[in-house]
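*Asks:* Could you have a look at this structure, given as structure tokens, before my questions?
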Amino acid sequence: MIRRKEEIRSTRKPAPFNGTGEILVRELLEGPEELYQKGRVFAHTTIYPGAEIGYHIHQNESETYYILSGTARFNDNGKEILIGPGDVTFTGNGEGHGIQAAGDEPVEMIALILYHHL
């Protein structure tokens with residue numbers, strides 16, 4: 001399969017989990033069907049300046065962020081850390097996180113949510 005950039009579905013929406021501002025989500029693979037039921041998100045996400053995806057806990061899944069550009073304030077289970085291009089975060093099953101654009105430029109990242117099967 002090849003999905004050309006003009007075929008990638010993108011949605012600009014309010015930041016989730018009681019966040020602030022807006023984000024843009026480009027669905028690189030579309031849902032569990034394209035992830036062989038092993039996960040639900042593989043996306044290129046933009047967090048605009050002043051925006052924040054609110055703190056939330058993952059149940060029966062994990063989430064990984066790979067930061068492409070921008071500076072972000074990452075909440076790792078209650079501990080805030082500045083992250084930037086090339087950094088990777090991992091939030092495991094039962095753990096929580098949130099992320100906020102920390103500068104004047106958007107944060108561009110790849111997000112991957114995989115299911116946790118016992």
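Please treat every number below as a calculation from the coordinates, not as lab data. In this text, all values refer to a predicted model and were calculated from it rather than measured experimentally. We place every Cβ from the backbone using ideal geometry, glycine too, and count neighbours over all the protein chains shown.
*Asks:* Counting alpha carbon pairs within less than 8 Å and at least 6 residues apart, what relative contact order, in whole percent, applies to the chain? If you can, show how the numbers build up before the last one.
*Replies:* Details: 316 pairs, mean separation 33.4, N = 118.
Computed value for the chain: 28 percent relative contact order.
*Asks:* What fraction, in whole percent, of alpha-carbon pairs in the chain exceed 22 Å separation? Present the calculation step by step, with values, prior to reporting the outcome.
*Replies:* Working: 2075 of 6903 pairs.
Tail of P(r) above 22 Å: 30 percent of Cα pairs.
*Asks:* Can you give the calculated 222 nm mean residue ellipticity of the chain, where each DSSP H run of n ≥ 4 adds -39,500 (n - 2.57) and the sum is split over every residue, rounded to the nearest 500 deg cm²/dmol?
*Replies:* Using -39500 (n - 2.57) per qualifying helix, the result is -500 deg cm²/dmol.
*Asks:* Stretched out fully, how many nm does the piece from residue 95 to residue 2 gain, at 0.36 nm a residue minus the Cα gap? Working shown, then result.
*Replies:* Values: separation 93, 0.36 × 93 = 33.48 nm, distance 3.37 nm.
Result for the pair: 30.1 nm of gain on full extension.
*Asks:* So, one more: Starting from 0.36 nm per residue, how many nanometres of slack lie between residue 10 and residue 105 once their C-alpha separation is accounted for? Numbers along the way, then the final one.
*Replies:* Numbers: separation 95, 0.36 × 95 = 34.20 nm, distance 1.95 nm.
This chain segment gains 32.2 nm when fully extended.
*Asks:* For the pair residue 115 and residue 87, what calculated FRET efficiency results from E = 1/(1 + (r/R0)^6), where r is the Cβ-Cβ distance and R0 = 35 Å, to the nearest 0.05? Don't skip to the end; give the middle numbers.
*Replies:* Values: r = 24 Å, r/R0 = 0.69.
After rounding to 0.05, the efficiency reads 0.90.
*Asks:* Another question, if that's okay. List the aspartates and glutamates whose Cα sits under 20 Å from the Cα of residue 5, skipping any in the same chain fewer than 8 residues away.
*Replies:* Within the straight-line limit of under 20 Å, residue 5 reaches these aspartates and glutamates: 27, 30, 33, 34, 108.
*Asks:* Same structure again: Among all stretches of the chain without exposed chymotrypsin sites (Phe, Trp or Tyr not before Pro) (DSSP loop, at most 14 other Cβ atoms within 10 Å), which one is longest?
*Replies:* Details: sites that count: 17, 36.
Looking at the chain, 37-118 is the longest stretch - no exposed chymotrypsin sites (Phe, Trp or Tyr not before Pro) with at most 14 other Cβ atoms within 10 Å.
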